[in-house]
Structure formats: structure tokens, C-alpha cells
Amino acid sequence: MATNPASNSSQAIFEKILGWLPAWLGFILIIAAGAAAIIVGAISNPVSAGLIAFGVAAIASSILAWWAGGKSEPRGNPFDKSFGGVVSGIDGWVWLVIFGLFVVAVIIAVVA
């Protein structure tokens, strides 16, 4: 799959622009996305248990990764229509717990 050179250059520009943002902002963005998922899931008709479960998993995983010493980085690119946070450098057991949270969220989304 070929990459779009314009997309790569725009990504580099926005990484430079967003480079001044504090690293912990990535965790806050993930928590905010989780809160938005919970709100949208709760007010939708019918209520979306899967969306609520994904919101709870996002918030819990972000807090757990932050507490465990993970590193976060805010990322965004309006051309790719993306904005959020990336977490890295977490211990193996934390990664497994976070993975488990999202497995449970997927199960809830499929069953509910």
C-alpha cells in the first residue's frame, strides 16, 4: 500500500505544531473520548451498552496506563481527520489488563 506524500508532510507539520503540548494531554484526550462515548451511548435511543463499555474501558485503561508510568503523546491531523492520544512504554501486565478491558467491551457490544 503506497503512502500519500502530502499526508506524510501534513502529519509532520502537525506533529511539530502539537509538539509543544504537554505529554499528559494524550491521557486527557483518551479520557475525554471515553467520556464522550459514555455520554453518546447513554443518550442514544436505544441505549448503547457497547458504546458505554468502550467508554469505560478507555477511561480505565488511560488511568491505569498513566498510573503505571506509561508515556503519552497527543496526536492530531485534520487532513486525516484524527485527534487523540498515543500511549507507549507500559509494562506487560498493564498491557494485558488493558487488552482484557477492551475484550470485555467487545463482548458486551456483541451481546448487548
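Derivation of every value follows stated rules applied to the coordinates shown; laboratory data play no part. Source: prediction; values computed, not measured. As a convention, Cβ positions derive from the backbone with ideal geometry for all residues, glycine included, and neighbour counts pool all protein chains shown.
The figures follow:
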{"item": "Contact order relative to length of the stretch 21-111, as percent, for alpha carbon pairs under 8 angstrom and 6 or more apart", "result": "34 percent"}
{"item": "log10 of Debye I(q)/I(0), alpha-carbon scatterers only, for the stretch 42-88 at 0.21 Å⁻¹", "result": "-0.84"}
{"item": "Burial ranking of peptide ranges 90-98, 62-70 (average Cβ count within 10 Å, highest at the top)", "result": "62-70, 90-98"}
{"item": "Over the stretch 21-111: Rg over Rh, Cα atoms, Kirkwood Rh", "result": "1.00"}
